[in-house]
């Protein structure tokens with residue numbers, strides 16, 4: 001399976017509200033997306049994180065290229081900063097494991 005870890009930090013309170021307007025429906029879409037096995041969100045040090053698990057890279061990319069996700073990507077640099085990464089695994093990482101991996105491998 002493919003594990004994807006994201007972390008995004010809005011630049012201001014108003015940008016945080018704008019971000020959440022898009023992020024909440026988008027996160028609700030992830031578990032309903034074809035090939036999704038797991039979807040989890042959490043906050044840490046001002047960052048909004050997600051951990052998702054996908055049956056395959058193609059399933060993950062189907063979600064990434066969905067119109068709703070593409071709209072969010074278009075707003076990424078306007079609203080804040082963040083990192084994302086993905087890797088193959090046989091198990092879903094804990095929040096602690098995901099944060100460690102994200103800090104080292106996020107781009």
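All of the numbers you see were taken from the coordinates with simple rules; none came from a lab. No experiment lies behind these values; they were computed from the predicted model shown.
Listing for the model above:
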item	result
Nearest 10 degrees, 0 to 90: helix 67-79 Cα axis against the chain principal axis	50 degrees
Degrees, to the nearest 10: 13-29 long Cα axis against longest axis of the chain	30 degrees
Length-normalised contact order of segment 2-105 in % [C-alpha pairs under 8 Å, at least 6 apart]	42 percent
Global size of the chain as Cα Rg and Dmax, reported in angstrom	13.0, 39
Cα long-axis angle, helix 95-105 against the chain (0 to 90 degrees, to the nearest 10)	80 degrees
